[in-house]
Amino acid sequence: MALDHTDRLILRELVADARVTNAQLAERIGVAPSTALLRTRQLVERGVISGYHAQLDFASVGRAVQAMVSVQLKGHNREEIDRFTARVPLLPEVVSTFHVAGSVDYLLHLAVPSTEVLRDWVLDHLTTDPVVGHTETTLVFNHLPGNSGVLPGSS
């Protein structure tokens, strides 16, 4: 089902502030509170809204060093991929895991306390893994978020 103008307004407001009250949301988009509540629930039920979260400042929680680690697997059979994806994304240092096409198979976004911890993490969790063929680590100096909302348009 396509998104209409009201859906897009709701999504824009929730992306900007997921803690907005229903009354505030209704006022901001110019609909009745009952309409805002119903439409938001429908967006959740349709899977358009998949969750709400708090965004952390990693340095404030003792994880000041961030890195992107490119991982190339040795083989590409289902068993090896399943073993890798069942283990690595669940490690506490992993912020996000991206399965990608191209010269590498995965990009891991890590947040750790120090470069020493980063080095040890890569050695302990990737280079010693028999499934992993190659890794390349890139330090993140700054993260500039893009537009995380819905694209403008009619539907």
Search the stretch 1-45 for residues being of a type in the set (G, A, S) and loosely packed, with under 15 Cβ neighbours inside 10 Å, and hand back the single one that is nearest to G149 (Cα to Cα). A16
Output the residues belonging to the stretch 12-45 that are in contact with a helix residue (DSSP H, G or I) (Cβ under 7 Å, 6 or more places away or on another chain), assigned to a helix (DSSP H, G or I) and aliphatic (A, V, I, L, M). A23, L25, A26, I29, A36, L37, L43
Report, by residue number, each residue of the stretch 90-146 that is charged (D, E, K, R) and under 20 Å from the mean Cα position of the chain (by Cα). E93, D105
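Listed here are the residues, each with its yes/no results for (1) of a type outside the set (G, A, S); (2) farther than 30 Å from D7 by Cβ; (3) touching a strand residue (DSSP E or B) at 6+ places or on another chain (Cβ under 8 Å).
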site: V71; (1), (2), (3): yes, yes, yes
site: K74; (1), (2), (3): yes, yes, yes
site: T85; (1), (2), (3): yes, yes, yes
site: L90; (1), (2), (3): yes, yes, no
site: S148; (1), (2), (3): no, no, no
Counting residues that are buried (at least 16 other Cβ atoms within 10 Å of the Cβ) and hydroxyl-bearing (S, T, Y), which strands (runs of 3 or more DSSP E) fully inside the stretch 46-154 reach at least 2? 132-140
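No lab work stands behind these numbers, since they all come straight from the coordinates. Computed from a predicted model, the values in this text were never measured in an experiment. Positions of Cβ are backbone-derived with ideal geometry, glycine not excepted, and every protein chain shown enters the neighbour counts.
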